[in-house]
Structure formats: C-alpha cells, structure tokens
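Since the structure comes first, as structure tokens, the remarks are kept for the end.
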Amino acid sequence: MSNATQSLAGTRITSLLDANSFVEIGGSVTARNTDFNLQNKETPADGVLTGYGTIDGALVYVYSQDATVLGGSIGEMHAKKIVKLYSLAMKVGAPVIGLVDCAGMRLEEATDALEAFGKLYECQALASGVVPQITAVFGTCGGGMAVVPALTDFTFMEAKNAKLFVNSPNALEGNKTENTANAAFQSSEAGMVDVVAQEDELLESIRTLVSILPANNEDDMSYSECEDDLNRICTDIENCAGDTSIALSMISDDSFYMEMKKDYAPEMVTAFIRLNGATVGCVANRSEVYTDGEKTATYDAALTAAGCEKAAAFVNFCNAFEIPVLTLVNVDGYKNCKCNEKKIAKAAARLTYAFANADVPKV
C-alpha cells in the first residue's frame, strides 16, 4: 500500500469498510504533469486512494481523496484512477463509494485536467442505474467537482466542515450573509444532500445504506433474515396520518427506517424500510412532524414542485434497482402559490411518468 494510506483519507476508508478488507489499487501512481515545476512535488497516489473492500461482507469499490496532496485536486492520473475503479465495479457489479475532499481541478495540468473531469463524468453516467453510486463530502467539493455528487444516487455531507458549491458563496452577487456552501443550505434549500451528520455517524449511515441496497441492477443481495413477527399489530397507526414517517417505521421490520433528503421538501417523505427482510422504497405525504411525542412542524397537505421532483427521482432509482415501491397518500391537491405554479405542472408530470414507467411492484 502507498504511504498515503496513513493519511486521513486512508483512515476514512478503514472506518468505512470491514476490518482488514481494503485492497488498494494504483498505489504507485503519481502525477504525470511536467509544467509549473509540478515534477518537483511529491504526489503519493496522486492525491486519491482507490481500491475495494467489503461492508458487512458485501463487495464495494471506494475512492478517498487526500487533501494533503495538492489539496486533493483532480488531475489526469487522479481521475484515471477513479475511472479505472468504476470500470472494475461495473464489470463485477458492485457499488461505488466516493469520499470527497477536493480543491477542484488541478490548474497546473490545464486541459489534461479538464479532459480528466470529462472522463469522470462519462463513467458516472454509464454507471447510472447499473450500480449504486454514493458520494460523501468531508471537506471541500467545489466547481466542477460539485457535479460529481449530483451525478450519484445518494450524497452524504459532514455537518460542520464540509463545503459543497459550484460558485463560492462570496462570489454570488448580493449574497452578504448566507453560506450557500454549507450542509444546511445544500440539504434543505438545494436538495443536493440526502444525509447530514458528523463524520463517524455519516460513515455508519453509508454502511447501513449499502447493507439494504442491491449490489447492482441484476443481482439483489440486499435480502436479510426477518426475525420480526409478520403478523404483528401496529397499534394506533391510524393516528399517524399526519406524520407518515412514524407509520412507515411501525410497518417496517424491527422499526427500521432510513429517510433520504429529510430536510428538503419535508412535506414529501422518501425513505427505505424493510418488509420480511426485503428492502422497500416508500413515498408518502407528510403534514406534521412529531419529535419525542411533541409536534415540531406542520405542512400543507398539498403537492409541491420540489416534493414531486424529490419523489420522482426516488421512484426512478427504485425502479432501476428492482426495489418495490410503497406509497402512502394523504393529500388535498396542489399547493396554491405563485412560486409553486412556475414548476408544479412539469414536476407533477415527472412524478406521474416515474410511477407509470416503473415496472416494479407498486402498492
């Protein structure tokens, strides 16, 4: 293994994967560029660790960017290592997990770095709907690199130090106070982020997600033995019509419930549960939120454009990976406001198409 495995990038991989399961690929690769005296700088593993390992025994491919090597910036060889990783993952049908801490494009490599970004986008597009793709942002993820998590199926973001942006917040005209790069904005306003958490909790959430997802679009290895009573009674479930997240957790095996994009369009729930050991995707309207028995939020029982787009993307993912969809409906109609009117027809059409196009079991 390369010396870079002792860095924070290596520590994250070790924490994510099963003990002693990581096998590094391309540890001897370094930067190729000879301009701007780059050849005089040490670039171990060219700033990214790539390899494979297991999560609860399931094979995954993972890359982790090392911010101590040229800021973790993406250059030619850096990107080629990730592209090679995708190629291997596609051949064997295993998820790809990216741990991002990147300064963006490596300017010293100019057009070589630009071409590297293009190859990275291409392999992500080809993998879409074939193997699950997960990105976790731990440090900076800006500029062209911000497209990478947008192309993946699920994005996780560290709560305090991570930054995700296309344009830096201070470069936005008229923006004086709002930090558009932080996790709060990206999860609740932009809808880019599925889960926000501290680093240890974030890595554990990724492990949980991988354990319930199929390995690829043809081989479902996500089933588990169900020890819960399938004939159990969900007491007082009729009182959960407002907060359907509670109803879904009551239905699920051992109350397992994992919500995606919880902070974005919270009136629409998109979550995974387990039924008889099988993973089920759930879409549900929500008009109330209860925390520890206390009502903490209230929403209109209406469809919004953001909620429809969120649900449509989730249903499309479930359909691609043969995950059944359960829908709980409690809605009066469409939200009536000028802002919603701009997008609601197209968003509702996308949601309608997603359900109509899905050939997985739908209840």
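Points worth noting:
- Remark: pairs (first residue in region 80-101, farther than 30 Å from residue 161 by Cα; second residue among the acidic types (Asp, Glu) and not in a helix (DSSP H, G or I); Cβ separation under 9 Å; 6+ apart in sequence or on different chains) = 93/218; 93/219.
- Scanning region 157-200 for residues that are of a type in the set (Gly, Ala, Ser) and either surrounded by 17 or more Cβ atoms within 10 Å (Cβ to Cβ) or modelled with pLDDT of 90 or more (or both) yields 159, 162, 181, 183, 184, 187, 188, 190, 191, 197.
- Test: residue in region 127-150 that is part of a loop (DSSP other than H, G, I, E, B), surrounded by fewer than 18 Cβ atoms within 10 Å (Cβ to Cβ) and under 12 Å from the mean Cα position of the chain (by Cα): no
- Qualifying residue in region 52-66 (condition: in contact with a Cys (Cβ under 8 Å, 6 or more places away or on another chain), under 20 Å from residue 137 (Cβ atoms) and in contact (Cβ under 8 Å) with a residue 40 or more places away in the chain): yes
- Conditions (1) open to solvent by less than 60 Å² (accessible area, probe 1.4 Å); (2) modelled with pLDDT of 95 or more: number failed by residue 29: (2)
- If the condition is being open to solvent by 90 Å² or more (accessible area, probe 1.4 Å) and at pLDDT 75 or above, then region 32-54 contributes only 32.
- Candidate set from region 229-243 (those that are more than 31 Å from the chain's Cα centre (by Cα) and not in a loop (DSSP other than H, G, I, E, B)); member that is surrounded by the most Cβ atoms within 10 Å (Cβ to Cβ): 239
- Any chance residue 205 is open to solvent by less than 60 Å² (accessible area, probe 1.4 Å), farther than 26 Å from residue 19 by Cβ and out of contact with any His (no Cβ under 8 Å at 6 or more places or on another chain): no
- Among residues of region 79-108, those that are at positive phi and open to solvent by 60 Å² or more (accessible area, probe 1.4 Å), counted: 0
- The single condition among (1) open to solvent by 10 Å² or more (accessible area, probe 1.4 Å); (2) within 19 Å of the chain's Cα centre (by Cα) that residue 111 does not meet is (2).
The values are calculated or read from the model by the stated rules, or taken from the named source; none is laboratory data. Please read these numbers as outputs of a predicted model, since none were measured by experiment. As a convention, Cβ positions derive from the backbone with ideal geometry for all residues, glycine included, and neighbour counts pool all protein chains shown. Please note that ligands, DNA and RNA were not included when accessible areas were found on the heavy atoms of the full protein model with its side chains. Shrake-Rupley method; radii C 1.70, N 1.55, O 1.52, S 1.80 Å.
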